[in-house]
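Below is one structure, written out as structure tokens, with a few remarks after it.
The numbers here are math on the coordinates, done by the rules we state, and not lab data. Here the structure is a predicted model, which is why all the values come from computation and not from measurement. All Cβ positions, glycine included, derive from the backbone under ideal geometry; neighbour counts span all protein chains shown.
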Amino acid sequence: MNDVLIPLGLLLFIVFFVYAIIHTTRKQRMSKATVFRDFAKKNGLRYQEVDDGKAQGFARDFDGIGRFSSPSLGQVIPKDVVDGKLNISEAIFFRHSIRFSEGLAREWFVAGLTSDRTIAERCAVQFCRGLAEKGTMYLQDPVVKERKIGPFNLVVRAAGPSSAAKMLDENVLKQLADLAGRLSFRPEIQVRGKRIVAYLADRNATVDDVETLEKLFEFTKNAASV
């Protein structure tokens, strides 16, 4: 009798375990979508469950978030896209996941806007609290400047100083550090001409509520103004 019950019990455990994982993953995905949907409704913006090309067009040349295919998954399309005019700025928000290799995946929660002036040709700003956070698997450009300001070690990456423009200015970096220090999460910035994006820098960080998405946009808008 035990010869039958033990394998049966093991099988039932495996089935239940797999179901629990699927159920939890689906619940988390629905929760994330709800945040973007509620944010769009609150601010009178357009919401799309799957990108129609607008997010891909906006993010096309950003490192990491502008990648829309992977060797194992094929084409990967941004989800939960919100766009429209917010606080006189053309804004866009989306959630995007990419797998770099087997077992190495990354999800981004992105807020972007288009400024009325050129911010910098091409650069990224990392807000690091430790040496490990400086390492990156997706930012392509070398480090052109580092400064310890408050709790952060600010790392500016660009092809050269001219590409980063005023993002290298001491006063600008101090203001960016001050803005980042007010957040409950660690941000990261990328700039391409008039376009700027900010997203949660930590790999396992997530947007759980509308307030977090609002703070991410506020940070993006203020960074563009600086």
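What the table shows:
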read-out: Matching entry among 144, 210, 156 (being crowded, with 21+ Cβ neighbours inside 10 Å and β-branched (Val, Ile, Thr)); value: 156
read-out: Residue in the stretch 120-135 that is closer than 24 Å to residue 54 by Cβ, surrounded by 19 or more Cβ atoms within 10 Å (Cβ to Cβ) and acidic (Asp, Glu) present; value: no
read-out: Residue check, residue 74 surrounded by fewer than 17 Cβ atoms within 10 Å (Cβ to Cβ) and at positive phi; value: yes
read-out: Subset of the stretch 86-119 [in a strand (DSSP E or B) and either over 23 Å from residue 215 (Cα atoms) or free of Cβ contacts under 8 Å to residues at least 24 places away in the same chain (or both)]; value: 97, 98, 99, 100, 101, 104, 105
read-out: Flag if residue 55 is under 26 Å from residue 173 (Cβ atoms) and in a helix (DSSP H, G or I); value: no
